[in-house]
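To start, the structure under review is shown below, and the notes come after it.
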Amino acid sequence: MPMGSPEPDDEDGAVESAIEWIDASSHLDVGEGLRIAYRRRGEGPAIVLLHGFPTWSYDYAIVADDLSRDHTVITLDFLGYGASDKPRNHQYSVASSADAVAAVLATEQITAAWLVVHDYGSIVAQEILDRRRRAVLPYSITGVDVLNSGIVYAAYRPTQTQRALSAPIVGALLARLVSRRTLKHAVDGVRAHPTSEAEFDELWVGIARFQGHRITDRLLGYNAERAVHHTRWETALKAWEGPLHLIWGLEDPVSGAHVLAAAQEQLPQAKITRLEGVGHFPQSEAPAAVLAALRSHLYH
């Protein structure tokens, strides 16, 4: 079960399991015979929750459950993640992930949405905001909340494992060796406190589905994309004039306090919530604090 439950809305206080989460998903064809998994729940103003690497939408289990009491909440697994398809030889890209978000919103007839984004999902959000800046986005953005991510490329510090997996040839060989044990070690290395075995078991259900842990090298292709496009993406976030909130775990070695400091310089208009004693995954490490921060900002 995800950590730190903030009094879930259901009577017995239980958060659904990863299998239950997957079973409740819908699937959408996004081209080339590939399908993504997504969920819609609740009624009210729309919120889209975008996950990061190497996990999946289940990171938001507690947060989504609470927000769905008074919002329409959309969660999705990008291609290569969670319950979505994971072809080994596919060219995964930020652009196709942004396309997937647009496809889900079009299918659900949602024309305006607030983005809550983390890690890789934040890069996708920057691409979405760039499309908005170029007037080619088919829906409107009402606000943006960003959790820990490398939104300032110069300040981002990838782990040694990420660097190795991103290397040509070597990365593909290393990806074949990724196991539950090695991935738990990697995830725990960027958190303030390690996941329990039971908590990681739930995450592993989605990570390992369709042998997804074997394509981590392919998924990390976004770092090469970022090296090329980071100026365009950072410009898009700077140009965003709507509500912007940075919710940040400070004990994150990859994109913690050092990235937040750089982001504050670039984004002086942003509201800031600092989370002491929280690492790279605020939504699962400190869901109550994240919910409090979100509810202080959403649709205000």
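Data for the structure
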{"read-out": "Value of relative contact order over the stretch 1-133, rounded to a whole percent, pairs C-alpha under 8 Å and six or more apart", "value": "26"}
{"read-out": "Candidate lysines - alpha carbon under 21 Å from K271, same-chain residues fewer than 8 apart omitted", "value": "K238"}
{"read-out": "Apportionment of accessible area to carbon and sulfur, the stretch 89-233, percent (1.4 Å)", "value": "56"}
{"read-out": "Projected label distance in nm at Q266 and S93, using a 7 Å step from Cα toward the beta-carbon", "value": "2.2"}
{"read-out": "Candidate lysines - alpha carbon under 24 Å from K86, same-chain residues fewer than 8 apart omitted", "value": "K184"}
{"read-out": "Rel. contact order, % - alpha carbon contacts under 8 angstrom, at least six apart, the chain", "value": "23"}
{"read-out": "Per residue accessible area of the chain, 1.4 Å probe, in Å²", "value": "40"}
{"read-out": "Dipole moment magnitude, nearest 20 debye, the stretch 163-293 about Cα centre, only Lys, Arg, Asp, Glu C-beta charged", "value": "500"}
{"read-out": "Cα gyration tensor category, rounded, prolate or oblate, for the chain with a/c compared to 1.5", "value": "rounded"}
{"read-out": "Relative contact order, percent, the stretch 153-288 [alpha-carbon distance under 8 Å, six or more residues apart]", "value": "31"}
{"read-out": "Percentage of interatomic Cα-Cα distances in the stretch 74-155 larger than 21 Å", "value": "28"}
{"read-out": "Other-chain or far-sequence residues with amide H under 5 Å of T142's (modelled H)", "value": "A113, W114, L115"}
{"read-out": "Karplus (6.51, -1.76, 1.60) ³J(HN,Hα), θ = phi - 60°, over the stretch 20-32, in Hz, Gly and Pro reported as x", "value": "4, 4, 5, 4, 8, 7, 9, 10, 9, 6, 10, x, 6"}
{"read-out": "Net dipole in debye of the chain [+1 Lys, Arg Cβ; -1 Asp, Glu Cβ; about Cα centre; nearest 20]", "value": "1340"}
{"read-out": "Exposure rank, largest accessible area first [V228, V104; 1.4 Å]", "value": "V228, V104"}
{"read-out": "In Hz, Karplus ³J(HN,Hα) per residue of the stretch 198-206 (6.51, -1.76, 1.60; θ = phi - 60°; x = Gly, Pro)", "value": "5, 5, 6, 4, 5, 4, 5, 3, x"}
{"read-out": "DSSP-defined beta bridges in the chain - what % are antiparallel, rounded to 5", "value": "25"}
{"read-out": "Nearest-10 value in Å² for the accessible area of K238, using the 1.4 Å probe", "value": "100"}
{"read-out": "Whole-Å distance, taken between Cα centres, linking the stretch 162-234 and the stretch 33-96", "value": "17"}
{"read-out": "Added length on full extension, which subtracts the Cα-Cα distance from 0.36 nm per residue, A154 to D29", "value": "41.4 nm"}
{"read-out": "Rough spin-label spacing in nm, given labels placed 7 Å along Cα→Cβ, for A167 and S196", "value": "3.8"}
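The values are calculated or read from the model by the stated rules, or taken from the named source; none is laboratory data. Since the model is a prediction, treat every value here as computed from it, not as a measurement. Positions of Cβ are backbone-derived with ideal geometry, glycine not excepted, and every protein chain shown enters the neighbour counts. Remember, those area values only see protein heavy atoms, side chains included, never the ligands or the DNA or RNA. Shrake-Rupley method; radii C 1.70, N 1.55, O 1.52, S 1.80 Å.
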